[in-house]
Each structure stands twice: as C-alpha cells, then as structure tokens.
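Just below is one structure, and these are the notes that go with it.
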Amino acid sequence: MKTLKIAIQKSGRLNEKSVELLKNCGLNFENYKSSLISPVSNFPLEILFLRDDDIPEYVQDGIADLGIVGENVIEETEVEVSYLQRLGFGKCSLKIAVPNNNNIATLADLNGKAIATTYPVILGKFLKAQGIESDIRTISGSVEISPGLGLSDAICDLVSTGGTLKSNGLKAFADVMSSEAILISSKATESNDLVQELIQRIQSVLRAKETKYVVLNVHKDNLNAVTALLPGVKSPSVVPLAEADWVAVHTVIPERDFWDRISQLKQAGAQGIVVMPIEKIIL
Ligand SMILES: Nc1ncnc2c1ncn2[C@@H]1O[C@H](COP(=O)(O)OP(=O)(O)OP(=O)(O)O)[C@@H](O)[C@H]1O
Ligand SMILES: O=P(O)(O)OC[C@H]1O[C@H](OP(=O)(O)OP(=O)(O)O)[C@H](O)[C@@H]1O
Ligand SMILES: [Mg+2]
C-alpha cells in the first residue's frame with residue numbers, strides 16, 4: 001500500500017499540538033528538530049515538517065496527502081482542499097485593531113485608511129464585502145508595531161489572549177474570521193482507506209479529550225436519581241460493592257459540564273467520586 005504523507009508545522013504555534021495528536025493516535029516517529037521528514041515505524045505514513053504557509057499548497061498539489069494547518073492560512077492561500085476534521089487547538093481570531101487613542105469608530109471610517117496585515121487576501125475580501133476601500137499594506141510579521149511606527153492607521157492580525165494588542169496600545173475593532181487548526185487532505189486522497197483509518201484514530205483521541213471517566217459509589221436507594229444524571233457512552237455500568245446495598249457506577253461525562261454534573265451527583269447521593277482522563281473512545 002502507498003505510504004501517505006502528512007504535513008505539519010515545523011516549529012511555531014501548531015507544532016507541539018500536532019505532534020502530540022499524532023503520537024496520541026499511536027503513531028511512532030522521531031521528532032528531531034533537524035529532520036524535515038520523519039517516517040512512522042508502525043503505520044504507512046511519513047511526516048513532513050514545513051513552514052505553515054506552504055502546507056495548503058503542498059496538500060492541494062498532492063505532494064502531501066494530508067496537512068494540519070490553521071484555517072486562516074488555508075483561506076489566505078485560496079486552495080482547493082477538503083476539510084476533514086476541526087482539531088480544537090490553535091484557536092484564534094483575525095481582527096482589525098486600531099490605536100487606543102484613535103477616532104476610527106465605525107467600519108466606514110476605515111475608508112482611505114492604511115491597514116497593515118499578513119492576511120491581505122482575507123482582509124481584501126472582508127473589506128470588499130463591507131464596501132470599504134482601504135490601502136492594504138502587506139507585511140510578514142510584527143504587524144502590531146506598524147501603527148506606532150506611522151506605517152498604518154490600523155492592523156489586521158491574529159488575536160487570542162489580546163496581550164500583544166494591549167502591549168502595543170491597540171484595541172480590537174472588528175472580527176474578520178475565527179480560526180483553529182484543521183486536518184485537510186487533497187480532494188483526490190479524501191476517500192483513501194488509510195486516510196479514513198487515520199481520521200478514525202484522530203476522532204477517537206478528540207472524543208476522549210472532551211470527556212472524563214467517572215467512577216462513583218451510591219446506595220441502591222439513590223441509584224435511579226444518580227443514573228438519571230449520567231448519559232454515558234450508552235448507559236452507565238453498575239457494579240455491586242462488597243458492602244450490601246451499595247454499587248459502583250462507571251460512566252463518562254463531557255468535560256464542558258463536568259463541575260455542574262459533579263455537584264448534582266453529590267446532591268443526588270454519589271460518594272467517593274473518582275475522575276480519570278480517557279485515552280481514546282472508539283465508537
Ligand atoms: N495567538 C495565537 N493563539 C492561538 N493560535 C494562534 C495564535 N497565533 C497564531 N495562531 C495559529 O497558529 C498558526 C501558526 O502560528 P505561528 O505564529 O507559529 O505561524 P508562523 O510564524 O507563520 O509560522 P511558520 O514559521 O510556520 O511560517 C497560525 O496560522 C494560526 O492558525
Ligand atoms: O492575542 P495574543 O495572545 O497576544 O496573540 C497574538 C499574537 O500571536 C501571533 O503571533 P506569534 O506570537 O505566534 O508570533 P509570530 O508573529 O512570530 O508568528 C499573532 O501574530 C499575534 O502577534
Ligand atoms: Mg507562517
């Protein structure tokens with residue numbers, strides 16, 4: 001069977017999480033900073049370590065079968081690829097920001113103004129859709145510094161905590177797009193059996209990340225009240241304890257409503273609640 005190639009970022013914001021995800025899928029490979037290609041010893045796959053900007057085109061052109069890259073980079077490069085799976089990391093927003101002491105108050109105020117960005121394609125489409133004509137100045141990094149240097153009136157760049165904007169005296173003004181890391185493939189390889197196998201593995205890891213394994217003890221009198229609060233993968237497992245009339249309940253709980261559920265379970269009579277991380281959930 002043909003060996004697949006997956007392109008991930010060599011270094012930067014998405015590198016560590018991409019490597020972690022692939023390792024959690026049970027793939028064995030070396031992650032030396034110096035090697036740009038690394039074979040997987042237990043799956044017909046090679047990992048290419050690239051600059052993120054190059055990943056969408058490598059995938060579109062079939063040089064790599066798969067890629068992990070930010071949605072912002074895919075949109076900016078305007079490639080034809082298939083979105084296989086949102087990965088839940090590298091979450092950020094592309095925003096227009098202006099200096100704190102600026103009189104730009106509405107989008108219309110950006111008419112005729114200079115906006116510095118690394119994302120001229122996305123910004124150009126956004127402004128066109130809003131009927132705004134600005135002077136887009138493309139720079140390749142440190143965008144937040146440009147208004148202070150007199151190079152632009154506004155910027156359009158990625159924001160997550162907002163710390164970089166703040167420390168450069170800027171405030172977010174308009175949302176252009178939100179983004180996260182995405183698993184992409186070329187249109188031609190989407191249905192390949194190995195690609196499908198890899199997607200299944202990735203989904204089982206992502207599913208596990210969103211849930212916790214919970215074991216708790218409850219008196220039989222309170223069992224119905226407790227199980228009513230537990231969705232589980234199918235339904236909770238109930239195991240008798242050595243102590244008469246007591247049972248242990250095993251189930252999984254979505255991470256997002258974890259604390260609410262735990263306090264409801266305690267109120268319903270659950271005791272000795274043990275919470276554990278899950279490695280994989282295969283449906
Ligand atoms: N502040 C942030 N918080 C979360 N995710 C971010 C943030 N900034 C960028 N990202 C996401 O991570 C991706 C990679 O960001 P990074 O800053 O490492 O890119 P880069 O400097 O262009 O790297 P490369 O050297 O590969 O070209 C971005 O395209 C975006 O999807
Ligand atoms: O809202 P914040 O949490 O402050 O993050 C925003 C910053 O993160 C990104 O740059 P990064 O730090 O990845 O460096 P880079 O410019 O070298 O890519 C982005 O270009 C912003 O500058
Ligand atoms: Mg880049």
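Only a single item in (1) surrounded by 19 or more Cβ atoms within 10 Å (Cβ to Cβ); (2) under 19 Å from T77 (Cβ atoms); (3) among the charged types (D, E, K, R); (4) away from ligand 3 (no atom under 14 Å from the Cβ) is not met by K128, and it is number (1).
Suppose we keep only residues that are within 26 Å of L158 (Cβ to Cβ) and assigned to a loop (DSSP other than H, G, I, E, B) within region 11-32. Which one would you say is farthest from ligand 3 (Cβ to nearest atom)? The extreme case among them is N31. Taking region 49-103 on its own, how many of its residues are of a type in the set (S, T, N, Q), within 15 Å of ligand 3 (Cβ to nearest atom) and under 19 Å from Q196 (Cα atoms)? Of the residues in that region, 0 qualify.
Out of region 216-258, which residues are assigned to a helix (DSSP H, G or I), touching a residue at least 40 places away in the same chain (Cβ under 8 Å) and farther than 15 Å from A268 by Cα? If the condition is that a residue be assigned to a helix (DSSP H, G or I), touching a residue at least 40 places away in the same chain (Cβ under 8 Å) and farther than 15 Å from A268 by Cα, then E255, R256, F258 are the ones that fit.
Only residues that are part of a loop (DSSP other than H, G, I, E, B) and away from ligand 1 (no atom under 16 Å from the Cβ): list them for region 162-207, please. G169, S186, K187, A188, T189, E190, S191, N192, listed by residue number.
None of the figures in this text is laboratory data; all of them are computed from the coordinates on show. Just so it is clear, the structure is predicted and the values come from calculations on it, not from any experiment. Note that we place each Cβ from the backbone using ideal geometry, even for glycine, and neighbour counts take in every protein chain shown.
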